[in-house]
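Read-outs throughout are calculated quantities, based only on the coordinates presented, and are distinct from any laboratory measurement. None of these values were measured; they are calculated from a predicted model. Quick reminder, even Gly has a Cβ in these numbers, built from the backbone with ideal geometry, and neighbours come from all protein chains shown.
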Amino acid sequence: MRITVVTVCRNAVSTIEHTIRSVSEQSYQDVEYVIVDGGSTDGTQDVVRKCGGSITRFLSESDNGTYDAMNKGLALATGDVVGFLNADDVFADSTVLGQIAAVFQDQSTAACYADLVYVKKDDIDSVVRYWKSSSYEHGDFASGWCPAHPTFYARRSVYERYGNFDLAYRLAADADLMIRFLEKAQVSVVYVPSIWVKMRVGGQTNLSFGNIVRQNREILDSLSRHGIRASPSRFIFSKVWSRILQRWSRTHV
């Protein structure tokens, strides 16, 4: 079984090598690694070329944002299973892709996800927040629940059947995609209670309060478009409460 890992980046010279190394150090070897660069000008492309031995395909050209780049990565992917690792994230350890491969040995499994920890920018061993997920039940998205997208892997055939990232959503196209796959299409999904990704704090959504508000509005719009009723007040309260629990949980990693 071949697993395709896609990393999209733009001006990520300070972190991209760590990301690439975390892929190359995986014990599972049947890996296709695709990097899509949005035309970096800070030396990112030089780092990628230096690490070229572990990279299967590298595309560098202008794009219309992160999700457009992710769609380009999907178009290049040839693996049986596809997932995304952000340019400032790393796999938690060398066994992650092996765990993912083991999940998909069950031919009835269409997708899977796991846990994620937020870490300090300059110290990836210092946990700031622990995004501990749970097994999915139909209707969970309406309550503010969502898997950590960097831990989400799905068969390529699922993307081909149910679509890629919807560029109408600037900050929540990943949530919209998972809503379509899990809530709308109801594909078979497995939760693995294991930390798969370390994510540095400071992502695009969390850059400002306005971005946080816009992302939540986009998720609520996605739910409505797909015929899923959600109470905005319950949705927001559940998300705030989950963030409180995640920060408390960081001391129990």
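Hey, in the GNM for the chain with a 10 angstrom Cα cutoff, which one of Val190, Val47, Val213 fluctuates hardest?
Its mean-square fluctuation being the largest, the pick is Val213.
Read phi for every residue in segment 69-79 and hand back ³J(HN,Hα) as whole Hz from Karplus 6.51 cos²θ - 1.76 cosθ + 1.60, θ = phi - 60°, with x for Gly and Pro.
Calculated HN-Hα couplings, in order: 5, 5, 5, 5, x, 4, 5, 8, 5, 10, x Hz.
Taking the DSSP beta bridges in the chain as the whole, what percent of them are antiparallel, to the nearest 5?
Antiparallel: roughly 35 percent of the beta bridges in the chain.
Sort 3-13, 19-29 by packing, meaning the average of other beta carbons within 10 Å per residue, with the highest value first.
Listed from highest to lowest mean packing, they are 3-13, 19-29.
Along segment 10-27, what does the Karplus equation 6.51 cos²θ - 1.76 cosθ + 1.60 (θ = phi - 60°) give for ³J(HN,Hα), rounded to whole Hz, x for Gly and Pro?
Computed from phi, the couplings for segment 10-27 are 7, 6, 10, 4, 7, 10, 4, 5, 4, 5, 4, 5, 5, 7, 5, 8, 5, 6 Hz.
So what are the ³J(HN,Hα) numbers for segment 122-138, from phi and the Karplus equation (6.51, -1.76, 1.60; θ = phi - 60°), rounded to whole Hz, Gly and Pro as x?
Couplings: 9, 8, 6, 9, 9, 7, 9, 7, 10, 7, 8, 8, 7, 4, 7, 10, 3 Hz.
Which FRET efficiency value, to the nearest 0.05, do you get for Ser14 and Arg229 by plugging their Cβ-Cβ distance into 1/(1 + (r/R0)^6) with R0 = 41 Å?
0.40
Any chance you could run the full-extension gain for Asp42 through Gln105? It's 0.36 nm times the residue separation minus the Cα-Cα distance, nm to one decimal.
18.6 nm
Report, by chain and number, residues whose modeled amide H sits under 5 Å from the one on Ala172, excluding near sequence neighbours (fewer than 5 apart, same chain).
So Ala172 has HN proximity to no qualifying residue.
Taking a cut-off of 20 Å between Cα atoms, list the aspartates and glutamates near Lys120, but don't count ones fewer than 8 places away on the same chain.
Correct list for Lys120: Glu17, Asp88, Asp89, Asp93.
Let me check against my output: what whole-number percent is the relative contact order of the chain, with C-alpha pairs under 8 Å and at least 6 apart?
22 percent
Could you pull out the pairs from Lys72/Lys121; Lys50/Lys132; Lys132/Lys184 whose alpha carbons sit more than 29 Å apart here?
The answer is Lys50/Lys132.
If one takes the longest principal axis of the Cα atoms in the chain, at what angle in degrees, from 0 to 90 and to the nearest 10, does the Cα axis of helix 209-225 lie?
The answer is roughly 70 degrees.
Rounded, prolate or oblate for segment 92-218? Axes are the square roots of the Cα gyration tensor eigenvalues, ordered a ≥ b ≥ c, and the cut-off for rounded is a/c under 1.5.
Here segment 92-218 falls in the oblate category.
Gln186 to Phe209: FRET efficiency via 1/(1 + (r/R0)^6), r the Cβ-Cβ distance, R0 35 Å, to the nearest 0.05?
0.55
Compute the semi-axes of the equivalent ellipsoid of the chain, taking the square root of 5 times each eigenvalue of the Cα gyration tensor, and list them largest first in whole Å.
26, 21, 19
Counting only helical runs of four or more DSSP H residues, what would the 222 nm mean residue ellipticity of the chain come to if each run contributes -39,500 (n - 2.57) and the total is spread over all its residues?
-9500 deg cm²/dmol
Helix 232-249 sits at what angle to the longest principal axis of the chain, using alpha carbons and giving 0 to 90 degrees rounded to 10?
The angle comes out near 50 degrees.
Just to be sure I understand the model, the point goes 7 Å from the Cα along the line to the Cβ. What's the resulting Arg170 to Ser24 distance in nm?
3.7 nm
Given the options Lys50, Lys184, Lys132, state which has the largest fluctuation in a GNM of the chain using a 10 Å cut-off (strictly under) for Cα springs.
Result: Lys50 has the largest fluctuation of those listed.
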